[in-house]
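Before any comments, here is the structure.
The values are calculated or read from the model by the stated rules, or taken from the named source; none is laboratory data. Remember, it's a predicted structure, so these values are computed and weren't measured experimentally. Counting neighbours? That spans all protein chains shown, and the Cβs are built from the backbone with ideal geometry, glycine included. Keep in mind that these areas ignore ligands, DNA and RNA; they rest on the heavy atoms of the full protein, side chains included. Shrake-Rupley method; radii C 1.70, N 1.55, O 1.52, S 1.80 Å.
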Amino acid sequence: MRISGLVAALTAVLSAGLAVASPAVNYVNSLIQQRADPHITKHTDGWYYFTATVPEFDRIILRRAQTIQGLASAAETVIWRRKWSGVGSGQVWAPELHYIDGRWYIHVALGVSGQWRIRAFVLEGVGANPLTASWTEKGIIQTNWDTFSLDATTFTANGTRYLVWAQQDPSRNGENSSLFIAALQNPWTIRRPAVAISHPDLAWERIGYKVNEGPAVIQRNGRIFMTYSASATDHNYCMGLLTADANSNLLDPRSWRKAQQPIFASNAATNQWGPGHNSFTVSEDGLSDIMVYHDRGYRDINGDPLNDPNRRTRVQKLYWKADGTPDFGIPVPEGPTPVRLRVAASPNGNTYVRFYTGGAGNLTGTAALPDTQFKLVSPGLAGGDTVSLESTSNPGMYARRISGASAVQFERDSAAARAAASFRRVPGLTDAAGAVSFEASDAPGQYLRLEGSGRLAVAPVAEGTEGRSTFYLE
């Protein structure tokens, strides 16, 4: 479709009030057990390709599937194994798969047996399918210094391909790794000198180890956003964010602005610990950005966390704020990925159902993203063909109509209240094709609706008010 035609189509949809620019995604977490530092890319052939660190640190694996969820059960192919001696005889960490100028490349960190000597390394694959390609070693990436280096990733901006990686800076005593950037001469050769764009100089980047590592890039809205991970790989592991204007000099450290607080961290409520080393991909319809990362389902670890095998691959939708910056939210609970419910009758087109407690007054202020996310539990608490709405920020709290009233509160599950916390999902009352409505399971003809106060109620639908009981899932 020509750009003018696309604009016209979008304008028509917006005018009709039916647009869901980024509809809900449907995945189940955790996606893949015992796979850390996950990297998922969607290739031009329509397939998703997955690679990650295995707990034995001894091989490079690839999977492919036509959906993200399909990667969970896809067969795994080993395309490279640890050597008996020399480079590649030790650790095998954090592979990434990229397709550059008609060939496949894997950037991976390789160690040497019996030594703490880990360096960023590149393999080249020739063939349409990387699982069956012919792979050759291109060697270690030569940087400013021969020091600990890992977690290389690559991206293109304004016609230049860059490499970003983590490396120990010998001028900074006692620090484990900083982030460096350089233009690439080819996928395994940088144009030196590289420049440092981030050091672990904030308190939350220095817990256990003083680390900036695992960079990943997503470009949107005229800016380049670079996530990275910090601190030890236990529950203190978390993610930070660097931002640069798309047209700035990316080799100038002053072009990069660092968020002063973590943008993604452990969450006790959802029982997700040490999230990090992420990558980005897109949903099957191409309309949503997806963040891929690892974490653990428990906080406490005995011994060195690197020896704990249970970092697992997870995925969740990445949302965007009105100012064009990413909103990472929190690591969502296990199970189906949550959704946001945007009411069709929103006066500004941007009103969402939100979690709240007690009271009867108007809800004020902008709700944090996790408070506007809900898991559609199916079957619902009443069983059968029902669904229940469970809060993401407060797992175990469900939308339930108060006995003898129309008002809805969020409460814990109880056997006596399960029917009042269950609904039948039906086509949207004002948009049967693109939206949904929720009919009370114990009161046919009465629907969940969003009141002007921002609170929910269950009531019959009066003519002209159907939009308040119609929701777009995002």
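Observations
- Residue check, Tyr293 over 26 Å from Ala259 (Cβ atoms) and either open to solvent by 30 Å² or more (accessible area, probe 1.4 Å) or of a type in the set (Ser, Thr, Tyr) (or both): no
- Selected residue [at positive phi and open to solvent by less than 20 Å² (accessible area, probe 1.4 Å)] from Gly335, Gly380, Gly384: Gly335
- Among the residues of the range 65-86, those that are closer than 29 Å to Leu184 by Cβ and touching an Asp or Glu at 6+ places or on another chain (Cβ under 9 Å) comprise Ile68, Trp80, Arg81, Arg82.
- Scanning the range 58-81 for residues that are over 13 Å from Val108 (Cβ atoms), of a type outside the set (A, V, I, L, M, F, W, C), touching a residue at least 12 places away in the same chain (Cβ under 8 Å) and open to solvent by 50 Å² or more (accessible area, probe 1.4 Å) yields Arg64, Gln66, Thr67, Gln69, Glu76.
- Qualifying residue in the range 379-398 (condition: in contact with a strand residue (DSSP E or B) (Cβ under 7 Å, 6 or more places away or on another chain) and more than 24 Å from Thr270 (Cα to Cα)): yes
- Of all the criteria given as (1) within 30 Å of Phe328 (Cα to Cα); (2) open to solvent by 10 Å² or more (accessible area, probe 1.4 Å), the one not satisfied by Ala421 is (2).
- For the range 335-386, a residue qualifies if it is hydroxyl-bearing (Ser, Thr, Tyr) and either in contact with a helix residue (DSSP H, G or I) (Cβ under 6 Å, 6 or more places away or on another chain) or over 19 Å from Val458 (Cα atoms) (or both), and the qualifying residues are Thr337, Tyr352, Thr364, Thr366, Ser378.
- Enumeration of residues in the range 268-287 that are small (Gly, Ala, Ser) and surrounded by fewer than 19 Cβ atoms within 10 Å (Cβ to Cβ): Ala268, Ala269, Gly286
- Long-range neighbours under 8 Å by Cβ, at least six apart or interchain, first residue over 15 Å from Ser231 (Cα atoms) within the range 265-278, second among the polar types (S, T, N, Q) and modelled with pLDDT under 95: none
- Number of residues in the range 214-254 that are over 17 Å from Arg161 (Cβ atoms), among the small types (Gly, Ala, Ser) and surrounded by fewer than 19 Cβ atoms within 10 Å (Cβ to Cβ): the value is 1.
- Residue that is surrounded by the fewest Cβ atoms within 10 Å (Cβ to Cβ) [pool: residues in the range 179-201 that are in contact with a strand residue (DSSP E or B) (Cβ under 8 Å, 6 or more places away or on another chain) and in a loop (DSSP other than H, G, I, E, B)]: Pro193
- In the set (1) assigned to a loop (DSSP other than H, G, I, E, B); (2) more than 20 Å from Gly240 (Cα to Cα); (3) open to solvent by 30 Å² or more (accessible area, probe 1.4 Å), Thr147 fails one condition alone, (3).
- The one condition in (1) assigned to a loop (DSSP other than H, G, I, E, B); (2) over 22 Å from Asn310 (Cβ atoms); (3) without any contact (Cβ under 8 Å) to a residue 40 or more places away in the chain that Ser89 fails to fulfil: (1)
- Of the strands (runs of 3 or more DSSP E) lying entirely inside the range 237-318, those containing at least 2 residues that are among the polar types (S, T, N, Q) and under 24 Å from Ser30 (Cβ atoms) span 273-282.
- Filter result for Arg117 (open to solvent by 30 Å² or more (accessible area, probe 1.4 Å) and assigned to a strand (DSSP E or B)): no
- Among the residues of the range 457-474, just one is in a strand (DSSP E or B) and open to solvent by 40 Å² or more (accessible area, probe 1.4 Å), namely Pro460.
- Evaluation of Ile100 against (1) loosely packed, with under 15 Cβ neighbours inside 10 Å; (2) touching a residue at least 12 places away in the same chain (Cβ under 8 Å); (3) closer than 22 Å to Asn310 by Cα; (4) not hydroxyl-bearing (Ser, Thr, Tyr) (one fails), failing number: (3)
- Test: residue in the range 260-267 that is modelled with pLDDT of 95 or more, in contact with a strand residue (DSSP E or B) (Cβ under 6 Å, 6 or more places away or on another chain) and surrounded by fewer than 21 Cβ atoms within 10 Å (Cβ to Cβ): yes
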